[in-house]
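Notes follow the structure.
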Amino acid sequence: MKIALLADIHANREALAACLQHAQAAGAERFVFLGDIVGYGADPAWVVDCVMEHVQRGSAAVLGNHDAAVVHAAPATMARAAREAIEWTRAQLTPRHLGFLTSLPATLSESDVLYVHANAWAPRAWEYVLSSTEARQSLLATPCAYTFCGHVHEPALYHMNRNAQVSGFLPVPGTAIPLGRQRRWLAIPGSVGQPRDGVLAARYALFDTASTALTYFELPYDYQAALAKTLAAGLPPNIMLKSPRLAGDRR
Amino acid sequence: MNAPNESGMLIDGFRLKRIIHRGNMSELWIVTRGDISMPLVMKMPMVTRGYDPAAIVAFEVEQMILPVLSGIHVPRFVAAGDLAGQPHIVMEFIPGISLRTRLADAPLPCAQLAAIGGAVADALHDVHTQHVIHLDLKPSSVLFREGTQQAVLLDFGLSRHDRLPDLLSEEFDLPIGTAPYIAPEQTLHIRNDLRSDLFALGVTLYHLTTGERPYGNPTTVLGLRRRLYRDPVPPRALNASCPAWLQEVILRCLEVNPAERYDTAAQVAFALRHPDQIELTARSERRSRDSLYKVARRWVRGVATELDAQQSAREDLLRAPIVLLAIDLAQESDQLSDMLRASVLQLLNANPKSRLACATVLKTSRIAMDAEVDAAGQNLHLKHLIALRHWAQRLAMPAQRVTYHVLEAPDAAAAIVHFAQSNLVDHIIIGARGSSKLRRYLGSVSSQVVAEAPCSVTVVRLPGHGSAEESMPDC
C-alpha cells in the first residue's frame, strides 16, 4: 500500500490540493497528516475540512504545535507572527473544526511505523529533529522501525544501524529510496504549505509499504494565489512567500 | 546458527542447484525458479559465520543499489531476501570469464590490454551515468560475457549511489575497499568521487602490464595510506615492451590527486582506443620512482589535505562531455565553418573538462577497396588528417583536449553514429549542408545522424538554408 505523508500544511489550500492530486495520481491509498494542519495560511477551514474528510475515510492525522495552539492557547514562546496567525485562525474555525483538532492524538503507531509531529522522545514538547543527534534520540525512543515526522520544514532522511550510529541524508525529489529493514529510519517529508528553504514548492512523500521505498516529491503550485489570500486576510506574509526563487531553481 | 545450505534446498521459492563460490563474505549458488527461464545465481552473505558487520552492511548496500542498475554491464536483479529470513540476492547468472583469471597471463600484449581496459572503462562509464560509483573495482569484480568483449561489473556491496543514502559513510573507522586497489582518497573516507574507480582501473591495468601490484597488498591503514605520497615503479621499468602511451594512461589513472587523473571513464576508454592520439607527458618517460627527497616533501606537505572531493557522479559526467565535431572537408563553406567553430567553442568553453574529437569521413567505395593513393600520389588518409588539423587550428584549443580522426567508410552518417557509439560521445556537432542537389541523391547526412545518434546532436545551419530545402524528400 502506498501512504502519502503530508506534514506542515499550515492552511495552505493550493499547496495541499497540489499534493493530494499528485498523490492520488501516484496511487496513494492512504493519507497521513503529520500535524500543523493550520497556522500561517489563509484557508484553515477548507484545509481542516479536507483533512477531516480523509480521516473519516480511514486516513489518519496527528496533532501539531500550531493545531494545539489554536485549540488551547498560543504559548508565550511562540513568535509574534505565528501568534497573530493563531488568533486569526481560531476565528475562522467552527466548533466542529476545533473539536476535530482537539481529538487528534500526539502520536500514532501502526505495525512498524510511528507517526508524530515533532519527535518520539517527547511528542508534546515540540523539539525539532535538526541533526543526527536528535534523530538518534528520537529513534531510540520508539521500537518502531520507521518514524515519519514533520515540524522541521526541510526534507531529510536519517538512518540508524544496529550499533545506534545515525547518518543523515538529503533526499533528491523523485528518487525511490529503499528503506531497508536492517536498520531504523526517520523521515521528514518537508512542509506541504510553508517551505523555509527558499524553494517555493509543496513537499510531501510517498511510502510504499510493500517495497518499503520512500519517494520525496517537490511540486509546483500556485503560491502567488496563496500569497494574495494571505495578504488579503491581513495575515503576516510568511517566510514561504518572500523568496523570489521558483521551484526547481535550487538545482 | 542456521544449518549450512545444501543443494536441493528451497529458499524463498528458489531451488539451490550447485554452489559455484564459497568465500569469507558470501556464497554463490546456481538456483532455479519455475517461472523464470534465465539462468540465476543467488548470493548469500555469511552472516552466520561469526558476526561480521561489514558483510552485513555491504549486503544491505548491494540490495539497495543492484535493483536500480540496468543495462548490459551489470547482472539483472531478480529478487532479494532480507535479514529477517535467509538474506540473499538473486540475479541473472552471466556465463563468462573473470578478469581475475587473466592476471596469471600477465604481462599481456598491449593490444589486449587496451581492449580489456577499454571494455572495463565502458562498463564503469555506464554505471557512472546511472549515478553509481563502484568503489571496489578489481579483477575479480569484472566478468567478460562469454564470447564477447563486453565487461560486466559485479559486487556493488561497497558502492555508492549519489541519490541514495550512503549506508557505509559513518559505519566503519577503517577505510572501505580492497587493499591493492583502493584509491588514495578512499583511505581518507572520501566516497563520492567517480575518479576513485579510475584509480582502481589503473591498478588493474598496471598489474596486467607488469605482473605486479603497484602498491603491493598492504594490511595496515598506514600501509594503505602510503600511496598518498609514494609513487609506484613506472610500468616501463618492469616491462620494457610497455609502450609510452600505455604508461601514460596507467600513471595518469594512478595520480594521487583525482583532479590530475582522467575526468571520466569515457575519457580513459577513448584514450585506450586511440593510443596514437594520447598526449605524452613526462609520465610516459619515467623510468624510476621519485627520489626519496621528493617523496619526503610530498609526505610533509600532506598531499592528502588538498584532495577536493566531488559531489555527484552524474553531475561530474555532465561537466566533462566528449564532443564529436563531424566535418565534411569538401563541402563546408567558410561561413558554415566559422559557425561550426563558434558552436564548438561555446560548448567547450562552458565545460573546461570537455574533450573534442574532430572527425571527417573519407568515403570508400562499397564495392571495391579504394586505392589508398590518389592520382597525385598522395596518401588520402594522411591528406585528410592534415586538412582536419588545419581546419581545427583556428579553434586554438590545447592539444590535450583535441583528437583527430579520419573515418574510412562508405556511409558518412553511419560512420559518425558508429564512432559516437563506440567512443561514448555525449554530443555531436554537425553542419547542415546548403547545397541540395547532391543531397537529393545521397540523403542528408545530418538528418540521418540526428535520427540514429545515441546522444545529443547539434545541427549547425547557415541562415537562409532552412527548412524548405531540408524537408525535400531524400531519394
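So the values come out like this:
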| quantity | calculated |
| --- | --- |
| Matching helices (runs of 4 or more DSSP H) fully within segment B:175-270 where at least 1 residues are modelled with pLDDT under 95, more than 24 Å from B:Glu285 (Cβ to Cβ) and assigned by TED's automatic domain parsing to the domain that holds B:Arg298 | B:221-225 |
| Residue among B:Pro75, B:Pro53, B:Pro95, B:Pro107 that alone is out of contact with any His (no Cβ under 6 Å at 6 or more places or on another chain), more than 10 Å from chain A (Cβ to nearest Cβ) and loosely packed, with under 15 Cβ neighbours inside 10 Å | B:Pro95 |
| Qualifying positions in segment B:5-27 - open to solvent by less than 60 Å² (accessible area, probe 1.4 Å), closer than 14 Å to B:Ala80 by Cα and in a loop (DSSP other than H, G, I, E, B) | B:Gly13 |
| Positions within segment B:217-249 being open to solvent by less than 30 Å² (accessible area, probe 1.4 Å), touching a Gly at 6+ places or on another chain (Cβ under 9 Å) and not aliphatic (A, V, I, L, M), in sequence order | B:Gly223, B:Asn239 |
| Filter result for A:Ser167 (out of contact with any helix residue (DSSP H, G or I) (no Cβ under 8 Å at 6 or more places or on another chain), open to solvent by less than 20 Å² (accessible area, probe 1.4 Å) and either of a type outside the set (A, V, I, L, M, F, W, C) or without any contact (Cβ under 8 Å) to a residue 60 or more places away in the chain (or both)) | no |
| Subset of segment B:119-165 that is buried (at least 18 other Cβ atoms within 10 Å of the Cβ) and acidic (Asp, Glu) - its residue that is farthest from the other protein chains (Cβ to nearest Cβ) | B:Asp122 |
| Candidates A:Ala145, A:Ala125 - the one that is crowded, with 19+ Cβ neighbours inside 10 Å and over 22 Å from A:Arg203 (Cα atoms) | A:Ala145 |
| Long-range neighbours under 9 Å by Cβ, at least six apart or interchain, first residue farther than 14 Å from A:Leu20 by Cβ within segment A:200-223, second among the basic types (Lys, Arg) and open to solvent by less than 20 Å² (accessible area, probe 1.4 Å) | A:Tyr216/A:Arg203; A:Glu218/A:Arg203 |
| Residue match in segment B:14-37 (condition: within 22 Å of B:Leu168 (Cα to Cα), within 14 Å of chain A (Cβ to nearest Cβ) and either under 31 Å from the mean Cα position of the chain (by Cα) or not small (Gly, Ala, Ser) (or both)) | no |
| Identity of the residue in segment B:378-391, hydrophobic (A, V, I, L, M, F, W, C) and in contact (Cβ under 8 Å) with a residue 40 or more places away in the chain, that ends up nearest to B:Val344 (Cα to Cα) | B:Trp391 |
| Those residues of segment B:436-447 which are touching a helix residue (DSSP H, G or I) at 6+ places or on another chain (Cβ under 9 Å) and modelled with pLDDT under 85, in sequence order | B:Ser436, B:Arg439, B:Leu442, B:Gly443, B:Ser444 |
| So A:Pro95, is it out of contact with any Asp or Glu (no Cβ under 7 Å at 6 or more places or on another chain), open to solvent by 50 Å² or more (accessible area, probe 1.4 Å) and under 24 Å from B:Leu167 (Cα atoms) | no |
| Given (1) more than 14 Å from every other protein chain (Cβ to nearest Cβ); (2) surrounded by fewer than 20 Cβ atoms within 10 Å (Cβ to Cβ), number of the condition B:Ile182 does not satisfy | (2) |
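Yes/no matrix, rows are residues, columns are (1) modelled with pLDDT of 95 or more; (2) touching a strand residue (DSSP E or B) at 6+ places or on another chain (Cβ under 6 Å):
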{"residue": "A:Ala17", "(1), (2)": "yes, no"}
{"residue": "A:Gln21", "(1), (2)": "yes, no"}
{"residue": "A:Gly27", "(1), (2)": "yes, yes"}
{"residue": "A:Arg30", "(1), (2)": "yes, yes"}
{"residue": "A:Gly39", "(1), (2)": "no, no"}
{"residue": "A:Ala42", "(1), (2)": "no, no"}
{"residue": "A:Ala45", "(1), (2)": "yes, no"}
{"residue": "A:Val48", "(1), (2)": "yes, no"}
{"residue": "A:Ala61", "(1), (2)": "yes, yes"}
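The values are calculated or read from the model by the stated rules, or taken from the named source; none is laboratory data. It should be emphasised that the depicted structure is a prediction, and the values quoted were computed from it without experimental measurement. Heads up, the Cβs are rebuilt from the backbone with ideal geometry, glycines too, and the neighbour counts pull from every protein chain shown. Please note that ligands, DNA and RNA were not included when accessible areas were found on the heavy atoms of the full protein model with its side chains. Shrake-Rupley method; radii C 1.70, N 1.55, O 1.52, S 1.80 Å.
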